Amino acid sequence: MPAETDTEVAALIARLRAGDRGALAELFDRHRDKLRRMVQLRLDHRLAGRVSPSDVLQEAYIDALKRVDHYFDKPDQPFFGWLRLVVGQRLADVHREHLAQKRNAGKDVTIDAPAPGTDSACLAAYLLGGLTSPSHAAAKNEAYAQLEEALNQMDPVDREVLALRHFEELSNTETAEILGIQPAAASKRYVRALARLKQILETLPGFTDGA
């Protein structure tokens, strides 16, 4: 039986393994909010109005239906981690389809890598959307460029821990599992990343500290 601490989740996975595809819908719904936050953070801001997080999740669910047998090839992985991988791969496909020659779509989601790199452009856009914006577009664009540059200077793993904990709102244990590091290391990196983010935000005129 795949490793899951929640008894109800384990029972759903057992049903899924027995061929009950309805159990996948229930499992997906249990994790939908976390997966939506992941997509909202990492979906390229240039696709606003063209692709919604709901679109990505709907396609990812279909992918999961087709590939669910693959999950049982590695039964020790948490089911959420597998779902997140499926969603991440779908998100990369969406970027590749819509932004073909404009960027390396692999940058956006490298979930199965030991030290994935959060896309600083997406993180900057997310931060600007959540903070008090300057009144003029030119000032906002300048702040965006400054913020993206500063985020690029952060340690990639620290930046990813920040994305997972602070913006995707995952637990420290989930973050450590995704990154393949110890929980204690994930916790230390999170504290360090939050402090660095605060320093970055304090350099941007016209913004309040939303971290």
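Going by what's in this entry, would Val109 be described as in a helix (DSSP H, G or I), in contact with a helix residue (DSSP H, G or I) (Cβ under 7 Å, 6 or more places away or on another chain) and either crowded, with 16+ Cβ neighbours inside 10 Å or at pLDDT 90 or above (or both)?
So Val109 fails the test.
Please count how many residues of the range 43-53 are open to solvent by 10 Å² or more (accessible area, probe 1.4 Å), within 15 Å of Glu97 (Cβ to Cβ) and touching a residue at least 40 places away in the same chain (Cβ under 8 Å).
4
How many residues does the range 15-42 contain that are open to solvent by 40 Å² or more (accessible area, probe 1.4 Å), over 20 Å from the mean Cα position of the chain (by Cα) and touching a residue at least 12 places away in the same chain (Cβ under 8 Å)?
3
Conditions tested, residue by residue: (1) among the β-branched types (Val, Ile, Thr); (2) modelled with pLDDT under 90; (3) crowded, with 20+ Cβ neighbours inside 10 Å.
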residue	(1), (2), (3)
Ala145	no, yes, no
Pro156	no, yes, no
Arg165	no, no, yes
Ser171	no, no, no
Ala176	no, no, yes
Pro183	no, no, no
Val191	yes, no, no
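Exactly one of these conditions fails for Asp6: (1) touching a residue at least 24 places away in the same chain (Cβ under 8 Å); (2) over 21 Å from Val94 (Cβ atoms); (3) among the charged types (D, E, K, R); (4) surrounded by fewer than 15 Cβ atoms within 10 Å (Cβ to Cβ). Give me its number.
(1)
Anything in the range 69-88 that is more than 17 Å from the chain's Cα centre (by Cα), surrounded by fewer than 19 Cβ atoms within 10 Å (Cβ to Cβ) and either basic (Lys, Arg) or not in a loop (DSSP other than H, G, I, E, B) (or both)? List them, or say none.
Asp69, His70, Lys74
The values are calculated or read from the model by the stated rules, or taken from the named source; none is laboratory data. Remember, predicted model here, so these are calculated numbers, not experimental data. Note that we place each Cβ from the backbone using ideal geometry, even for glycine, and neighbour counts take in every protein chain shown. When the accessible area is computed, the model is the full protein with side chains, heavy atoms only, and any ligands, DNA or RNA have been set aside. Shrake-Rupley method; radii C 1.70, N 1.55, O 1.52, S 1.80 Å.
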